Amino acid sequence: MLRKAKDELEIKVQERTSELREINETLLLEITERRRAEESLRESEERLRAILQTAMDGFWRVDLQGRLLEVNDAYCRMSGYSAEELLAMRIPDLESAETIDDTAVHIRKIIAKGEDRFESRHRRKDGSLFDVEVSAQHLPTESGHLVVFLHDITERKQAEADREMGRQILQ
C-alpha cells in the first residue's frame, strides 16, 4: 500500500513537473515576444524622434492650454530660442498675429474640426517677425495634445509683396 501511494505520488510529481515545464516554456516565449515588441516600439520611437528633429519644418507638441511640450531643432533655428526656452513658453509668447483670446478660440476650433491649416506671424527671440504656415492636428488619444508643423514662409511672403509693389508701380 505504501509502495502504491509512493508510485502514485511520483506520477503526480512527474505530471506536475511536466505541466510546470510547459508553463515555463510558454512564459519564456511570452517574455521574449514582449521584449521584442518593446524593443521594436523603442526603435520606432527613436526613428520618429530622429525624423522630427531633422525635419526642415518646425514641429511642436502642444497641450490644450497652448503650452509647448516638445519642439524640434528646426523651430529653434527659426525662432532663435533654445528648446529649453521654448518649453517654458506658450503659443501667445510667440504668436504676433493673434491675441491670447484669439489663440484660445483657435485651439478650440482645431479641437472641434480635428485639424486646421493657416498662416500666422511669430516673434523671434531678437524681436523680429517671421511668417509661418501652420498645420495643426488634434490628437484626442494623446491627452488631447496638438501636433503642429510650422513652415517658414517669410521669403515667399516677401516675394509676393515685391511682386505686388512692382504691379502697383507699373499701373
Along each principal axis of its Cα atoms, how long is the range 2-41 end to end? Whole angstroms, biggest number first, please. 57, 7, 5
Total formal charge among the other residues, if their Cβ is under 10 angstrom from that of Glu70, Lys/Arg +1 and Asp/Glu -1: +2
Residue-wise, which Karplus ³J(HN,Hα) couplings in Hz belong to the range 77-86, taking 6.51 cos²θ - 1.76 cosθ + 1.60, θ = phi - 60°, and x for glycine or proline? 5, 4, 8, x, 8, 7, 4, 4, 5, 5
On the accessible surface of the range 25-171, probed at 1.4 Å, how many percent belong to carbon and sulfur atoms? 53 percent
Rounded to the nearest 500 deg cm²/dmol, what is the calculated helix-only ellipticity per residue at 222 nm for the chain, with -39500 (n - 2.57) per DSSP H run of length n ≥ 4? -19500 deg cm²/dmol
Cross-link partners among aspartates and glutamates for Lys12, C-alpha distance below 19 Å, same-chain residues fewer than 8 apart left out? Glu22
Once phi is turned into ³J(HN,Hα) by the Karplus curve 6.51 cos²θ - 1.76 cosθ + 1.60 with θ = phi - 60°, what whole-Hz value does each residue of the range 113-130 show in order, with x for glycine and proline? 7, x, 6, 6, 10, 7, 9, 8, 10, 10, 9, 6, 4, 7, x, 6, 9, 9
Quick one: accessible surface of Ser18, probe radius 1.4 Å, all protein chains present, in square angstrom to the nearest 10. 50 Å²
By how many degrees, between 0 and 90 and to the nearest 10, does the Cα long axis of helix 154-170 differ from the longest principal axis of the chain? 20 degrees
Could you tell me the distance between the Cα centroids of the range 52-115 and the range 129-147, to the nearest Å? 7 Å
Give me the 1.4 Å probe accessible area per residue for the chain, excluding ligands and nucleic acids, in Å². 71 Å²
If I histogram all Cα-Cα distances within the range 64-171 using bins 10 Å wide from 0, what percent of pairs lands in each bin? 14, 43, 29, 11, 4, 0
Report the percentage of all Cα-Cα pairs in the range 1-142 whose separation exceeds 27 Å, rounded to a whole percent. 47 percent
Quick query: amide H of His145 versus all other amide H atoms, modeled in the peptide plane; which residues come in under 5 Å with a sequence gap of 5 or more or a different chain? Leu139
Specify the residue with the greatest mean-square fluctuation among Leu94, Leu129, Leu48, computed from a Gaussian network of the chain linking alpha-carbon atoms under 10 Å apart. Leu48
Amide H of Ala97 versus every other amide H placed in the peptide plane: which residues, excluding those fewer than 5 positions away on the same chain, fall under 5 Å? Arg121
If you plug each phi of the range 15-20 into the Karplus form 6.51 cos²θ - 1.76 cosθ + 1.60 with θ = phi - 60°, what whole-Hz ³J(HN,Hα) values come out, in order, with x for Gly and Pro? 5, 5, 4, 5, 4, 5
Span per principal axis, largest first, for the Cα atoms of the range 29-76 (Å): 44, 26, 10
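The values are calculated or read from the model by the stated rules, or taken from the named source; none is laboratory data. Just so you know, these numbers come straight off a predicted model, no measurement behind them. Positions of Cβ are backbone-derived with ideal geometry, glycine not excepted, and every protein chain shown enters the neighbour counts. These accessible areas exclude ligands, DNA and RNA; they are computed on the full protein's heavy atoms, side chains included. Shrake-Rupley method; radii C 1.70, N 1.55, O 1.52, S 1.80 Å.
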